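The block underneath contains the structure these notes are about, expressed in structure tokens.
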Amino acid sequence: SYKSILVLASGFETDLAIQAGAWLAAEHEAVARVLPVYPDLAAEMAATGIAVGGIAVPAAFDAAEELGRARQLQSEASCESAARGADIVLGECSGGPRLVLAPYVRSIWKVIERATALADLVLICGRSLISEPVRGRELVEDILMRQRQPLLIVRSSPENLASAAAVAWTGSSEAGRAVRAALPLFGGATGLDVMIHSKDGGQVAAVNGLSEYLQLHAVGAPNHVILGGDDPAEAIVSECRKRGVGVLVAGAYGHSRMREFVLGGVTRSLLQVEDGPS
């Protein structure tokens, strides 16, 4: 089970990651810590103004500061609502599942590094990858590539985390690490599909080892689904939608970051999905 969950809060009106963090905390008797990671626009304006030798307009600073306060208030409201909905404690306490909102810190990267060091799972709202793509991509790459932590991108209501699950299986070390991190999610899933993208069926044999591993962990024997087509990500997400899959588990960045950026890749395509599974 998960015991230490880290939620990266975007400060949006509907933060699905906070809702999912509270739900997982209740399900796993865990502690979910919410870390505000929205940008400090006033500080960025000041830094940019100094860099170009400009003079910042006070009204613009005030507006940026007000937006930051609004996002913090929204995070607080989201935490109160999520904790109430999951029937868990909001704030520090001794024992029992709880949701804890950390104070906002302007320099978030060191804070994220410390917070992820002992996190079983990191959550982020999928909306943040669409509404703030540059910021979202920075956060995702930091968690996955530098911190090398499992990341759950939440795209729907928390209850869907207990629906059907699927694994995009390639036999790679990245895919294996993702499966190991997702074992607590499989325990409550209504079904599990292993999806293999293969034009000629050549990777089917690689599934046998995964099936044995899952059965050793009492997950049960999964269904095997062989998919074709030129675009693996499109084929997998489309099949997930048809099967009502709530959680898709996939290894991230099997290629170098430069190749992903220049040529694209499955990871990049999956991050850009708006209405697919978490």
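The values are calculated or read from the model by the stated rules, or taken from the named source; none is laboratory data. A quick note: this is a predicted structure, and the numbers were derived from the prediction, not measured. Glycine gets a Cβ as well: all are built from the backbone with ideal geometry, and neighbour counts include every protein chain shown. Ligands, DNA and RNA are stripped out before the accessible areas are found, and what is left, the full protein with its side chains, is counted by its heavy atoms. Shrake-Rupley method; radii C 1.70, N 1.55, O 1.52, S 1.80 Å.
Quick look at the numbers
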{"quantity": "The chain, helix-only ellipticity at 222 nm - DSSP H runs n ≥ 4, -39,500 (n - 2.57), divided by all residues, nearest 500", "calculated": "-14000 deg cm²/dmol"}
{"quantity": "GluC sites (Glu not before Pro), loop per DSSP, at most 14 other Cβ atoms within 10 Å - longest free stretch of the chain", "calculated": "93-273"}
{"quantity": "Heavy-atom surface of the chain, accessible at 1.4 Å and reported per residue (Å²)", "calculated": "49 Å²"}
{"quantity": "Those lysines that a straight Cα-Cα span of less than 23 Å connects to residue 242, excepting residues fewer than 8 apart in one chain", "calculated": "199"}
{"quantity": "Area of residue 146 that stays accessible when all protein chains are in place (1.4 Å probe, Å², to 10)", "calculated": "130 Å²"}
{"quantity": "Positive minus negative residues near residue 159 (Lys, Arg vs Asp, Glu; Cβ under 15 Å)", "calculated": "-1"}
{"quantity": "Heavy-atom accessible surface of the chain: percent carbon and sulfur, 1.4 Å", "calculated": "53 percent"}
{"quantity": "Sites residue 3 and residue 269 - FRET efficiency at Förster radius 35 Å, r taken between beta-carbons, to 0.05", "calculated": "0.60"}
{"quantity": "Extension gain from residue 145 to residue 234, taking 0.36 nm per residue of separation minus the Cα-Cα distance", "calculated": "29.7 nm"}
{"quantity": "Amide N of segment 113-142 lying under 18 Å from the label point, which is placed 7 angstrom from the Cα of residue 180 along Cα→Cβ", "calculated": "117-122"}
{"quantity": "Heavy-atom accessible area ranking, 1.4 Å probe, most first, across 243, 177", "calculated": "243, 177"}
{"quantity": "Extension gain from residue 62 to residue 208, taking 0.36 nm per residue of separation minus the Cα-Cα distance", "calculated": "46.6 nm"}
{"quantity": "Gyration tensor verdict on the chain (Cα atoms; rounded if a/c is under 1.5, prolate if a/b is larger than b/c, oblate otherwise)", "calculated": "oblate"}
{"quantity": "Length released on extending from residue 138 to residue 69, taking residue separation times 0.36 nm less the Cα-Cα span", "calculated": "22.6 nm"}
{"quantity": "Cα→Cβ-extended label distance, 7 Å offset, between residue 114 and residue 131, nm", "calculated": "2.7 nm"}
